[in-house]
1. Restricting to DSSP loop positions (anything but H, G, I, E, B) with no more than 16 other Cβ atoms inside 10 Å of their own Cβ, which trypsin sites (Lys or Arg not before Pro) remain in the range 157-204?
2. In whole Hz, what ³J(HN,Hα) sequence does the range 163-177 give by Karplus (6.51, -1.76, 1.60; θ = phi - 60°), x for Gly and Pro?
3. Take Y86 and V98, extend 7 Å from each Cα along the Cα→Cβ direction, and tell me the distance between the two endpoints in nm.
4. Leaving ligands, DNA and RNA out of it, rank H48, H41, H130, H75 by accessible area with a 1.4 Å probe, largest first.
5. Among the lysines, which fall within straight-line cross-link reach of K118, defined as a Cα-Cα distance under 16 Å, with same-chain neighbours fewer than 8 residues apart omitted?
6. Collect residues whose amide H, placed 1.01 Å from N in the peptide plane, falls under 5 Å from the amide H of N76; neighbours closer than 5 in sequence don't count.
7. Give the calculated FRET efficiency between L142 and S55 to the nearest 0.05, with a Förster radius of 41 Å applied to their Cβ-Cβ distance.
8. If the cut-off is 16 Å between C-alpha atoms, which lysines fall inside it for K57, apart from same-chain ones fewer than 8 positions away?
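The values are calculated or read from the model by the stated rules, or taken from the named source; none is laboratory data. What you are looking at is a predicted structure, and each value in this text was computed from that prediction instead of being measured. For neighbour counting, all protein chains shown are included, and Cβ atoms are generated from backbone atoms with ideal geometry for every residue, glycine included. Note: areas computed on protein heavy atoms with side chains; ligands, DNA, RNA excluded. Shrake-Rupley method; radii C 1.70, N 1.55, O 1.52, S 1.80 Å.
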Amino acid sequence: MKINNHRHMVLARFFILLFGLLTLSVFGQSTTYTPDMMLGHRSYGYTHTVSHKLSDKLTLQNLVLFDAEYEEDTHNIFFIRNTLAYQLPKNVVVNVGVGVKNPGKFASVYLQYQLKRKNFIGVYGVGTTHQKGFSLEQSLLLEYTPKLNQAWEGFFRLSAVGNVNRHEYTRGFQHIRIGVKREKLALGFAANFEQFAMSWDHLENYGLFVKINV
């Protein structure tokens, strides 16, 4: 278990470096890169989203997430997904993705409904994931940035994912960020909650985060 976790963590770090370099040197202005770094009481974590617009309707996305404990590798978390997203009418997006996460490779197809306003983003997704069988996957993203003064905004973000099959709740997480934002930089307090019904019950991590929109 520890050997597999170590191997997957190395793979995750490789993808982080690879897509970071692609963002800076190849894609340029047509790509957005959003890293989120967390320093918690139990572990440190890193998440990034890279989005590259191929056309007005077609977007290529890469999502990388890893969470590494300070003392040992028993409960390390990794998630890598590459997705092709196609914009449909009425704020609906269809996504097809492949990747790797605890405990191995997976593929997914899902629809998203996106609602965007000046200071608010809401995204709900539903679809299916295949990883040692099919599961129903639902996701939710809520982000609210109320204006505080001329330079600063508040920053409230909730991202959650849940997978269930016919037998159990197989995988879920809820990531909460509360802080302040100025231009492309957000920072503040963070809380991560992870559930793995097939391996261990739950994990919690509390700390500080820094998020940047490049």
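1. When the trypsin sites (Lys or Arg not before Pro) of the range 157-204 are filtered for loop state and at most 16 Cβ neighbours within 10 Å, R166, K184 remain.
2. Result, rounded to whole Hz: 10, 9, 10, 5, 10, 6, 7, 7, 7, x, 8, 9, 10, 10, 10.
3. So the two model labels end up 1.7 nm from each other.
4. Values: H48 0, H41 120, H130 85, H75 50 Å².
Reading off the accessible areas and sorting them downward yields H41, H130, H75, H48.
5. K147, K181, K184
6. Here the answer is E69, since their amide H atoms fall under 5 Å of that of N76.
7. Numbers: r = 28 Å, r/R0 = 0.68.
Once rounded, the FRET efficiency stands at 0.90.
8. K90
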